[in-house]
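The values are calculated or read from the model by the stated rules, or taken from the named source; none is laboratory data. Just so it is clear, the structure is predicted and the values come from calculations on it, not from any experiment. No Cβ is skipped: glycine too gets one built from the backbone with ideal geometry, and neighbour counts run over all protein chains shown. We work out accessible area using only protein heavy atoms, side chains counted, and drop any ligands, DNA or RNA first. Shrake-Rupley method; radii C 1.70, N 1.55, O 1.52, S 1.80 Å.
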Amino acid sequence: MNKTIPALQPPQVLPELALKDISGEPIATPTGRKLMISLFREASCPFCNIRVYELTRHHRELKSLNIDIVAVFQSTEDDVNRFIARQPRPFRSVADPQGALHQRLGGQSSLAGKMKAMAFRMIGLFKGMSSVGMAGMKTGNAMPVDILVDEFGRIETAYYGRDAGDHMPLAQIMAFAIGTAVSPVDERSRS
């Protein structure tokens, strides 16, 4: 895994991203609302699928707490649309097949990180594969990135996953949404 320092650090202002969702609608950043940007590997990635379902389950609560979610997939627009067609998502999705945004925001790629997730997150792998199959594990080595941005466009937290299933804890996202101090739960320091 590339050990470079993450490109984004609090309280840096989120750079203008010029994103369009899969419907072709521009996504304004900052929006005057809190924002979570989640960068995923492919739309068919089993680990990504689990996280997307988790964000879907908590979307109504997060939205009521003034936080919007944008999911960015390193997949073609057709692949993202096919994934979304299975179960429409309540948040906006972006296709970034070349991974340009992932690179620009300091995301890493790691075959070892993908293999680590496959070895140590078996339950999640099988759970995610139940709806997307194994196709998403065959390509791409991008590690997940979760970025929390306040209503003024400042980065609160930039979380760079160490393996394909390593995402910012939901408790940390909820703390940010309700405006309490965000203290990262770093399970990595316990290993």
Considering only segment 2-73, percent of DSSP beta bridges that pair antiparallel, nearest 5:
20 percent
How far apart, in nanometres, would the label points at Ala171 and Gln98 be if each is projected 7 angstrom from Cα along the Cα-to-Cβ direction?
4.1 nm
How much length, in nm to one decimal, is gained on full extension between Thr31 and Gln12, taken as 0.36 nm per residue of separation minus their Cα-Cα distance?
5.2 nm
For segment 1-109, what % of the accessible area comes from carbon and sulfur atoms, probe 1.4 Å?
51 percent
Put Tyr160, Tyr53 in order of accessible area, largest first, 1.4 Å probe: what do you get?
Tyr53, Tyr160
Beta carbons within 10 angstrom, averaged per residue: use that to sort the peptides 21-27, 95-101, 71-77, 44-50, highest first.
44-50, 71-77, 95-101, 21-27
